[in-house]
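To start, the structure under review is shown below, and the notes come after it.
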Amino acid sequence: MLWVPLVTGLAIVLAIIQVQMRTINAQWAILLSTTFMVVIMTSLLPKFAEIISVFSQLASEADGGPMYLTPVLKTIAIAYVASFGSQISRDAGEKTIALVVELAGKVVILIVALPVIQAILYSILGILV
């Protein structure tokens, strides 16, 4: 629970430094924010393992197995990666690249989610027919 105030405090300090650094050297400001993101995400990896473990346990209890769990976890991962890539591109002043990264993430999420969408539609059709 102490992670949120710690990360928020570090982010505020980093934002203040970023404002000053952008006027001096924009490349270092982008590198600093990217490094901050990588350090925070790396330190949170054990928490992701716990989340995946809970999802796996829920899937086994619901008899869904990996058929539904895998697309959900892939979708979450794709959303986070696309969000990070988009935000880094925005920080670098590349709004067009950020939009392309977001669009690519959404398309890939749709592709990954197709089996789940298909199963839901088949279930609905089975109930209706």
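The values are calculated or read from the model by the stated rules, or taken from the named source; none is laboratory data. Only a predicted model underlies this, so the values are computations on that prediction, with no experimental measurement involved. Backbone-built Cβ (ideal geometry, glycine too); neighbour counts: all protein chains shown.
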* Which of the residues spanning segment 83-120 are of a type in the set (G, A, S) and more than 12 Å from the chain's Cα centre (by Cα)? -> S89, A92, G93, A98, A104, A113, A119
* **Options V7, V19, V39; residue that is of a type outside the set (K, R) and either touching a strand residue (DSSP E or B) at 6+ places or on another chain (Cβ under 8 Å) or at pLDDT 85 or above (or both)** => V39
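Specify which of the listed residues (I117, I78) is among the aliphatic types (A, V, I, L, M), part of a helix (DSSP H, G or I) and surrounded by 15 or more Cβ atoms within 10 Å (Cβ to Cβ). Give the steps one after another, and end with the answer.
Details: I117 fails: surrounded by 15 or more Cβ atoms within 10 Å (Cβ to Cβ).
Answer to the check: I78.
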* Asked: Restricting attention to segment 48-66, does a residue exist that is in a helix (DSSP H, G or I) and touching a residue at least 24 places away in the same chain (Cβ under 8 Å)?
  -> no
* From (1) free of Cβ contacts under 8 Å to residues at least 24 places away in the same chain; (2) within 30 Å of V107 (Cα to Cα); (3) of a type in the set (K, R), pick out the condition that doesn't hold for K74. => (1)
* Does I12 qualify as being surrounded by 15 or more Cβ atoms within 10 Å (Cβ to Cβ), free of Cβ contacts under 8 Å to residues at least 12 places away in the same chain and assigned to a helix (DSSP H, G or I)? -> no
* Asked: If you scan segment 18-39, which residues turn out to be farther than 18 Å from R90 by Cβ and of a type in the set (A, V, I, L, M)?
  -> I24, V39
* To do: Kindly indicate whether any position in segment 93-105 is β-branched (V, I, T), surrounded by fewer than 11 Cβ atoms within 10 Å (Cβ to Cβ), at pLDDT 90 or above and assigned to a helix (DSSP H, G or I).
  => yes
* Asked: Are any of the residues in segment 21-38 in contact with a Gly (Cβ under 6 Å, 6 or more places away or on another chain) and surrounded by 11 or more Cβ atoms within 10 Å (Cβ to Cβ)?
  -> no
